[in-house]
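Undergrad: My structure is below; once you've seen it, I'll send some questions.
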Amino acid sequence: MLSRRLFRTPLTWIAVTVLAAGSAFGLYWFQPWKLLSDAEVAERLTTVATPAGSGAPADSGAPPSSAAPAGSGTPASPAATEPATAALVGSGEFVSHEHDTSGSARIVRTADGQHRLELIGLDTSNGPDLRVWLTDQPVIEGREGWHVFDDGRWVELGRLKGNRGDQGYSIPNDVELADLTSVSIWCKRFAVSFGAAELG
């Protein structure tokens, strides 16, 4: 009898409605099921012919003989003589922030002069609203590095395609890469880094 009376009162139905709405919002906001599932990606990566740290702009119009002066001791860049290859601009290994994260990141300049960010062997947790950011902030290990990436300049390259595997992201032509020295797997909803890599 008491339970019937309770369900007949308006306050009970208001409380039930608020509780249901709060539970639905909490599930949407936190999406806890993502922590129990993985999204794997296996995209084709760019073939890179030049060594790490070369980063010099490709000059497709220059003849191979002008790539390095005689006696300079600097070998000609393969990108200058092999139009089907790409140059490595910068790379680094991921460190863990809020979630265990491993793998590597690199920026490559393709044969047509475009830039791409590639994540190689990425392994992190799945989560809500994960984005891929290039930033000008240093990569700091531990809790001190979890929230720094929105403090300075950052460029969002898109949603994270998968929390595991190889994947690439186009970098717009108008992005100045000179001071963008790190990449973060950024949870935009909670303003926290899952993991990050310094691009040396």
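The values are calculated or read from the model by the stated rules, or taken from the named source; none is laboratory data. The structure presented is a predicted model; accordingly, all values stated were derived computationally and were not measured. A quick note on method: Cβ atoms are made from the backbone with ideal geometry, for glycine too, and the neighbour counts reach across all protein chains shown. Surface accessibility is based on the protein's heavy atoms, side chains included, excluding ligands, DNA and RNA. Shrake-Rupley method; radii C 1.70, N 1.55, O 1.52, S 1.80 Å.
Undergrad: Pick from region 164-182 the residues that are under 11 Å from Arg116 (Cα atoms) and in a strand (DSSP E or B): which of them is most open to solvent (accessible area, probe 1.4 Å)?
TA: Ranking the candidates gives Ser170 first.
Undergrad: Hey, does region 73-82 have a residue that's surrounded by 13 or more Cβ atoms within 10 Å (Cβ to Cβ), acidic (Asp, Glu) and either modelled with pLDDT of 95 or more or farther than 24 Å from Ala197 by Cβ (or both)?
TA: yes
Undergrad: Separate question: Being open to solvent by 40 Å² or more (accessible area, probe 1.4 Å) and of a type in the set (Asp, Glu) is the filter; apply it to region 129-149 and report the residue that is nearest to Ala196 (Cα to Cα).
TA: The residue in question is Glu141.
Undergrad: Please go through region 110-144 and pick out each residue that is in contact with a Leu (Cβ under 8 Å, 6 or more places away or on another chain) and outside any loop (DSSP other than H, G, I, E, B).
TA: His115, Leu117, Glu118, Ile120, Leu130, Arg131, Val132, Trp133, Leu134, Thr135
Residues checked against (1) within 16 Å of Ala178 (Cα to Cα); (2) crowded, with 19+ Cβ neighbours inside 10 Å; (3) free of Cβ contacts under 8 Å to residues at least 12 places away in the same chain:
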{"site": "Ala86", "(1), (2), (3)": "no, yes, no"}
{"site": "Val89", "(1), (2), (3)": "yes, yes, no"}
{"site": "Phe94", "(1), (2), (3)": "no, yes, no"}
{"site": "Glu98", "(1), (2), (3)": "no, yes, no"}
{"site": "Ser104", "(1), (2), (3)": "no, no, no"}
{"site": "Ile107", "(1), (2), (3)": "yes, yes, no"}
{"site": "Asp112", "(1), (2), (3)": "no, no, yes"}
{"site": "Leu117", "(1), (2), (3)": "yes, yes, no"}
{"site": "Gly127", "(1), (2), (3)": "no, yes, no"}
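Undergrad: Any chance region 153-163 includes a residue that's under 19 Å from Ser102 (Cα atoms) and open to solvent by 50 Å² or more (accessible area, probe 1.4 Å)?
TA: Within region 153-163, one or more residues are under 19 Å from Ser102 (Cα atoms) and open to solvent by 50 Å² or more (accessible area, probe 1.4 Å).
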